[in-house]
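Participant: The structure follows.
Just so you know, all these numbers are worked out from the coordinates, no wet-lab data involved. Everything quoted here is computed from the prediction, not taken from an experiment. Virtual Cβ from ideal backbone geometry, glycine too; neighbours counted across all protein chains shown.
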């Protein structure tokens, strides 16, 4: 094939990836950073993991969300890093790590998510419970049940929803008891919906 002096498709792709990587990390516009991460995530390339991990610490919430979903898209390749990040000092990192683990839906992360159901930050408790509900992990039920009495009503509501997804007699019994003691109408509404779906409400 003659050398025309023009880059071939592979070179263009590589050049485009370099531009996107730079934009994801260094653009001053958070919309550009977030969209660059979205495009990079479509590659499904584990070699981009460090960029996603760096972006997880971005100052912008939308960028952090994109980074979490990009890591989730890497599946098993991102699991060890996400599990480690559940112990990060920054609650926002723990929150996104719990979110990504729920998206990956791997049993490997279950025990670690159960541990952070008792996190000292309500946002993290909420997301860990949500992810465990998505996994429908019955082993999580004993850890989620006490969160029906959490000080934060959003955590209580998510505990109700997740226990409803997981199911089982222990979960349903706890939900019925919570309905009699819950003061928040918002949480009571969630409890009624969950119990009605099960046919016991």
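Participant: Could you please state, rounded to a whole Å, how far the C-alpha centre of the stretch 82-145 is from the C-alpha centre of the stretch 152-187?
Facilitator: So the two Cα centres are separated by 18 Å.
Participant: Ignoring everything except DSSP H segments at least 4 long, calculate the 222 nm mean residue ellipticity for the chain; use -39,500 (n - 2.57) per segment, divide by total residues, nearest 500. It would help to have the intermediate numbers written out before the result.
Facilitator: Working: 12 runs with 136 residues, N = 201.
Value at 222 nm, helices only: -20500 deg cm²/dmol.
Participant: Hey, another quick one. Tell me the Kirkwood hydrodynamic radius of the chain in angstroms, computed as one over the mean inverse distance between distinct C-alpha pairs.
Facilitator: Values: mean 1/r = 0.0544 Å⁻¹.
Every distinct Cα pair counted, the radius reaches 18.4 Å.
Participant: Helix 185-198 sits at what angle to the longest principal axis of the chain, using alpha carbons and giving 0 to 90 degrees rounded to 10?
Facilitator: 90
Participant: Ranked by Cβ crowding within 10 angstrom, fewest neighbours first, how are 69, 127 ordered? Don't skip to the answer; put the middle values down first.
Facilitator: Details: 69 17, 127 27.
Final ranking by Cβ density, sparse to dense: 69, 127.
Participant: How far, in degrees from 0 to 90, does helix 30-41 lean away from the longest principal axis of the Cα atoms of the chain, to the nearest 10?
Facilitator: For helix 30-41, the angle is close to 90 degrees.
Participant: Could you work out which residue, out of 76, 183, 159, moves most in a Gaussian network model of the chain, that is, has the largest mean-square fluctuation with Cα springs under 10 Å?
Facilitator: Result: 183 has the largest fluctuation of those listed.
Participant: Cα axis of helix 61-73 to longest principal axis of the chain: angle in degrees, 0 to 90, nearest 10?
Facilitator: The helix 61-73 is inclined about 90 degrees to the chain.
Participant: With a Förster radius of 45 Å, plug the Cβ-Cβ distance of residue 45 and residue 152 into 1/(1 + (r/R0)^6) and report the FRET value to the nearest 0.05.
Facilitator: Details: r = 38 Å, r/R0 = 0.84.
Computed FRET efficiency for residue 45 and residue 152 comes out at 0.75.
Participant: So if the hydrodynamic radius of the stretch 127-200 is defined as the Kirkwood radius over C-alpha pairs, what does Stokes-Einstein give as its diffusion coefficient at 10 °C and 1.306 mPa s, in µm² per second? Walk me through the intermediate numbers first.
Facilitator: Details: Rh = 11.6 Å.
Once the numbers are plugged in, D ends up at 137 µm²/s.
Participant: Ok, one more. Compute from the Cα atoms of the stretch 13-104 the Rg and the Dmax, the latter being the longest Cα-Cα distance, and quote both in angstrom.
Facilitator: My reading of the Cα-based Rg and Dmax gives 12.1, 37 Å.
Participant: Tell me, what is the FRET efficiency for residue 21 and residue 106 to the nearest 0.05, using R0 = 25 angstrom and their Cβ-Cβ distance as r?
Facilitator: Working: r = 27 Å, r/R0 = 1.06.
With R0 = 25 Å, the Cβ-Cβ based efficiency is 0.40.
Participant: For the residues 31, 123, 180, what sequence is obtained by ranking on other C-beta atoms within 10 Å, fewest first? Walk me through the intermediate numbers first.
Facilitator: Details: 31 11, 123 16, 180 8.
Placing the least packed residue first, the sequence is 180, 31, 123.
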